[in-house]
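> Encoded as structure tokens, here's the structure I'll be asking about.
The values are calculated or read from the model by the stated rules, or taken from the named source; none is laboratory data. The structure displayed is predicted, hence computed values, not measured ones. Here the Cβ positions follow ideal geometry from the backbone for every residue, glycine too, while neighbour counts run over all protein chains shown. These area figures cover heavy atoms from the full protein model, side chains too; ligands, DNA and RNA do not enter into them. Shrake-Rupley method; radii C 1.70, N 1.55, O 1.52, S 1.80 Å.
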Amino acid sequence: MEKLLSVMIVDDERFVIEELCTMINWEACGFQVIATAFNGRQGLKKFRELHPSLILADIRMPFMDGIEMIRQIREEDDTVNIVLLTAYEDFSYAKSAISFGITEYIIKSSITPDSLRELLENVRVSIYRQGKKDKIVTDWLLEQFFSTEKSENSADLDATLRQMHHIILISQDLPVSISGEILPEEIQVPKAKLAVLLQNWDYPGWKLETITSLPGGQTVLAINSTENVYIDHGAELERISRTIVRKLRQDTGNSFTAFYLAHRISLYDLKLYCSENRNKLNESYFSGSGGVYRLEYPVMIIESDMYTGYSGVNTGEVFRITDRSLIKSYFHNIYLNIGREKNYDKLMKISRDFYFELRVAYQKLPELAAEENLTLGYNWHNWLDAEKIGEWFAGKFIRIKENTMIPEKQYTKSISDAVRFIYDNYRNPDLSVNDIAEYVHLSAGYLSGAFRKEVGSTIKNYITEVRINQAKRLLEQGGMKVHEVGKEVGYHSSQYFSQAFYKKVGILPGEYMKRE
């Protein structure tokens, strides 16, 4: 069963999709965006694969417009809720789609966070009236129960939470995002699709009670024996887990890891267990992907299993090592110790610190940086476990040692003053070359040429770099919406900010903000 109502957004403007995805907290409204598409043909394909509960679709799109996409969807499904996104000039055209059973049509420029939340609430009520209320309420409350620290519950859910089950936890084997990027959509199996696969399989001798998910990405499969509840089913649960892992790989082409609890446990206790044993649920990063592991409950915590915190490795020490073999040994020993501790938090912390050092070094080696690709999408096969990550870092730092570091350049006073003025005034959306030239008492033409010669960048591009770097810092801190960050760093339009950010960073600001 699905936990939140699933949503697909179809629009040929990437920045409209970005705006809708970040405008509200979808999960707080009981929804999750599981797919996006840029034309009707893509939308139809993803609908057939994922079967979302709600579709937000533009009208005018290449390859297949929204009306034709909806017509074909309605031939296959007459229950899915569909909302048309229209421009003023398409308003009359949108009315022609009513015959296909459109839930609502709204004008793009009039969408606000409040109006979008109101629309979603109306859709939820509509689905309630279709006889799905009990399922939605249960799924929604389960999602909230596992995703919040508080353990408040309602009478509707209490009986479900207190039932005893055997538990199998399923995790897709995904890379450690040491770069901080959001995982590419194409390498992840959507939770909704995974739930459908697990729900449709047969479990001879077992009854499937509940499918839900944990905030860390694990899917919870709660099952009970239909024959003897009280014996130790460890061997049988291991067999079922291995079958699930094998079938998921066959059906999705992706690797999965499974964990099983041989003794029954309530969902109340499962939440506490997972919270206190999160390192055990990241076993694949240390013991290899695609495995099946038995979990014990209750757990007797011994000193060696306790979280020891960040070891305080000085990642800058690697720059003092000159020998190639010593660099390999340095990373091998660090990641060997992390693997022995099986501490995911330490793995993440140290890896991200090394990645930061790597990016700083590459900024001083532009020729090497032009040859290398440090993004998650390009390197994710090397970031699946501690050993591979250590080997990847060793190779990158060896390459740095083999290249001569370029010394930092000292600017003339006029250019230094210009740079300082940019940092002091980048929040001003109307900041211009003339403003900077006036401040340093040079003509705009002369300043532009001198700036490009000394800094290696145009003034306009340098201002953009400063703004985007400041935007990244604000997005990392959290607490601000995308359009608020754009305004803070000097952009009138949130769409223009998203375009500029995407050109510099390679991902949209909303994706950057959501990365781990």
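> Per-residue counts of other Cβ atoms within 10 Å, averaged by peptide: what ranking do you get for 233-239, 254-260, 329-335, highest first?
Working: 233-239: 16.6, 254-260: 22.1, 329-335: 18.1.
Per-residue Cβ counts within 10 Å, averaged per peptide and sorted highest first, yield 254-260, 329-335, 233-239.
> Follow-up question, since we're still on this one. Tell me the label-point distance for the pair Arg60, Asn122, using the 7 Å Cα-to-Cβ offset, in nm and rounded to one decimal.
2.4
> While we're looking at this one, here's another question. Once fully extended, how much extra length lies between Tyr268 and Arg324, figured as 0.36 nm per residue of separation less the alpha-carbon to alpha-carbon distance?
Details: separation 56, 0.36 × 56 = 20.16 nm, distance 5.18 nm.
Extra length from Tyr268 to Arg324 when fully extended: 15.0 nm.
> Expressed in nm to one decimal, what extension gain is obtained for the pair Asn434 and Thr252 from 0.36 nm per residue of sequence separation less their Cα-Cα distance? Walk me through the numbers before you get to the answer.
Numbers: separation 182, 0.36 × 182 = 65.52 nm, distance 5.66 nm.
Gain in length upon complete extension: 59.9 nm.
> Now for a different question. Among 384-394, 112-122, what's the highest-first ranking by average C-beta atoms within 10 angstrom per residue? Provide the component values of the computation, followed by the final result.
Working: 384-394: 21.1, 112-122: 13.9.
Highest mean packing first, the order is 384-394, 112-122.
> So, by mean Cβ neighbours within 10 angstrom, what's the order for 340-352, 179-191 with the highest one leading?
On the way: 340-352: 19.2, 179-191: 16.1.
In decreasing order of mean packing, 340-352, 179-191 become 340-352, 179-191.
> Note down the accessible area of Lys328, probe 1.4 Å, to the nearest 10 Å².
Taking all protein chains as shown, Lys328 has close to 110 Å².
> Further question on the same structure: Using the structure shown, select from Lys108/Lys271; Lys207/Lys342; Lys108/Lys504; Lys401/Lys514 the pairs with a Cα to Cα distance greater than 29 angstrom.
On the way: Lys108/Lys271 41 Å; Lys207/Lys342 34 Å; Lys108/Lys504 27 Å; Lys401/Lys514 34 Å.
As for pairs spanning more than 29 Å Cα to Cα, those are Lys108/Lys271; Lys207/Lys342; Lys401/Lys514.
> Now for a separate question. Could you tell me which of the pairs Lys396/Lys472; Lys46/Lys247; Lys247/Lys346 are separated by over 27 angstrom between their Cα atoms in the structure shown?
Details: Lys396/Lys472 24 Å; Lys46/Lys247 22 Å; Lys247/Lys346 32 Å.
Where the Cα-Cα span goes over 27 Å, the pairs concerned are Lys247/Lys346.
> For segment 23-86, which whole-number percentage of the solvent-accessible area (1.4 Å probe, protein heavy atoms only) is attributable to carbon and sulfur atoms?
47
> Given a 1.4 Å probe and every protein chain left where it sits, what share in percent of the accessible area of segment 411-454 is carbon and sulfur?
Carbon with sulfur: 49 percent of the solvent-accessible area.
> For Asn337 and Glu185, what is the calculated FRET efficiency with R₀ set at 25 Å and r taken between the beta-carbons, to the nearest 0.05? Intermediate results must be reported in sequence, preceding the final value.
On the way: r = 34 Å, r/R0 = 1.36.
Taking R0 as 25 Å, the efficiency between Asn337 and Glu185 is 0.15.
> Right, next: When the chain is fully extended, how far beyond the present Cα-Cα distance does Lys453 get from Glu13, taking 0.36 nm per residue of separation? Walk me through the numbers before you get to the answer.
Details: separation 440, 0.36 × 440 = 158.40 nm, distance 3.72 nm.
My answer for the length gained is 154.7 nm.
> Also, quick follow-up: Cα centroid distance between segment 462-507 and segment 219-282, in Å?
42
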